[in-house]
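Engineer: Got a structure here, written out as structure tokens. Questions coming.
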DNA sequence: TCAATAGTGTCTCTTAGACACTATCGT
DNA sequence: ACGATAGTGTCTAAGAGACACTATTGA
């Protein structure tokens, strides 16, 4: 790949390029998203608004889009290697008042126990906000409400047929804990027996041998057999097979 | 949305932003992708190589990323409203020798009958190339081989559980024709009876009343009930339910 | 009447949902 | 022994694959 400088016909006016993160976790039986406050200088767009964490690609620092997302996630949460997936790119002339911009939305799933929230250089505060349906209880900057909705759609769609919720728990976890996470995200009860048969059929978890003592009958602890990728189930969880 | 100019802290060095298209069709019992030849000036990267059609976002012309993709598709093929879906964004420091660049890959499905190929301003020739497995029979410019593989993965994955192949046919079409398209893309035979039961269960096609005369028994003609979105099937086509 | 393709009926197998049942803990 | 939670077994229903069967055309 030879580097041939050809300044001719490269566009001189280029869009702004950003990465935004929908960092989701389950705390207190609810799905939460991590939000940061935008700086309050009036020269900034949406001063003081809540927003998804994110920022511009640093051409000198970031080697790839994914690197950039990973860097921002680590800056905000200290979490190094979570589940991280690109959801979509959204670009238009008017989504940012500062000019034509494209953002690259990533979905991150992390166990809430792991997190140490850090107020980044560019964000006064970072806080977990509970999800209500498709939204959060505060208005968001830019088009971040629709970006959040995109990320939630993706999560809910994939949860119907993948093992994604396992990435919302610290290992090892029990099957009742995992089932509970499915129920929180899907916002509907899941049948215990069918749930377990499904999991075992995919053979993606293995018993550690230990069990969690809770005062009642202890539950067996499991860990993931493959830590990087989710497992795909042959059918969805939909009740009555619809 | 007030427009507040704030030149401070906007990045001065910005990535190149492009859109690339994997335009697929079925011709002569094979899946084909539309490729264009890159200009031959030696100052250009990959002069004379085959590439996916695409180009830079025009900040002054394109309102959104999707608009840009639609414009490029119409320029190359004359097709106005095909099935068009964003597959992924790929960005890194080294995928384009001219600098840090992000491309936005779109998958387009069109009926080959509809197409009038047009050599664009920036492309000496546009040609259909047959797909062999994950690849095409010529080397491609940039990282377009992996982009093509991404688009094919997406198509093949979705075809297992959606009605996407219907967008590769001109309406009205017969069920044997539709089945044949599934078989071409999946590269495996599909069982006739199960195939038809599946389609009818989703209730997304309707008989026109007419039928196609072929010399043997005529086949009933169908049209799509909903032209914009594919239908999702409850299970995949995988043989032996795996 | 025959070849060829379109279209249907029937059987089986797999798997999810429902739900009742058993198992194991602390008190 | 009992309450509570963990975990299993069994029945049923839905849908897919397999495949044989019927239907409709031209020659």
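The values are calculated or read from the model by the stated rules, or taken from the named source; none is laboratory data. Values in this document were obtained by computation on a predicted structure and should not be read as measured data. Heads up, the Cβs are rebuilt from the backbone with ideal geometry, glycines too, and the neighbour counts pull from every protein chain shown.
Engineer: Do the conditions hold for residue B:161, that is, is it surrounded by 12 or more Cβ atoms within 10 Å (Cβ to Cβ), touching a strand residue (DSSP E or B) at 6+ places or on another chain (Cβ under 8 Å) and closer than 30 Å to residue B:132 by Cβ?
Structural biologist: When the stated conditions are applied, residue B:161 passes them.
Residue by residue, here is whether (1) farther than 20 Å from residue B:126 by Cβ; (2) modelled with pLDDT of 95 or more; (3) not in a loop (DSSP other than H, G, I, E, B) holds:
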{"residue": "B:19", "(1), (2), (3)": "no, yes, yes"}
{"residue": "B:24", "(1), (2), (3)": "no, yes, yes"}
{"residue": "B:33", "(1), (2), (3)": "no, yes, yes"}
{"residue": "B:36", "(1), (2), (3)": "no, no, yes"}
{"residue": "B:41", "(1), (2), (3)": "no, no, no"}
{"residue": "B:45", "(1), (2), (3)": "no, no, no"}
{"residue": "B:48", "(1), (2), (3)": "no, no, no"}
{"residue": "B:62", "(1), (2), (3)": "yes, yes, no"}
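To keep it simple, each residue is scored yes or no on (1) assigned by TED's automatic domain parsing to the domain that holds residue A:79; (2) away from DNA strand D (no atom under 13 Å from the Cβ).
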| site | (1), (2) |
| --- | --- |
| A:155 | yes, yes |
| A:174 | no, no |
| A:183 | no, no |
| A:186 | no, yes |
| A:191 | no, no |
| A:203 | no, yes |
| A:220 | no, no |
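Engineer: Counting only residues that are more than 10 Å from DNA strand C (Cβ to nearest atom), loosely packed, with under 10 Cβ neighbours inside 10 Å and more than 14 Å from chain A (Cβ to nearest Cβ), how many does the stretch B:183-229 have?
Structural biologist: Residues meeting the conditions: 3.
Engineer: From (1) more than 10 Å from every other protein chain (Cβ to nearest Cβ); (2) surrounded by fewer than 19 Cβ atoms within 10 Å (Cβ to Cβ); (3) assigned to a helix (DSSP H, G or I), pick out the condition that doesn't hold for residue B:72.
Structural biologist: Result: residue B:72 passes all but (2).
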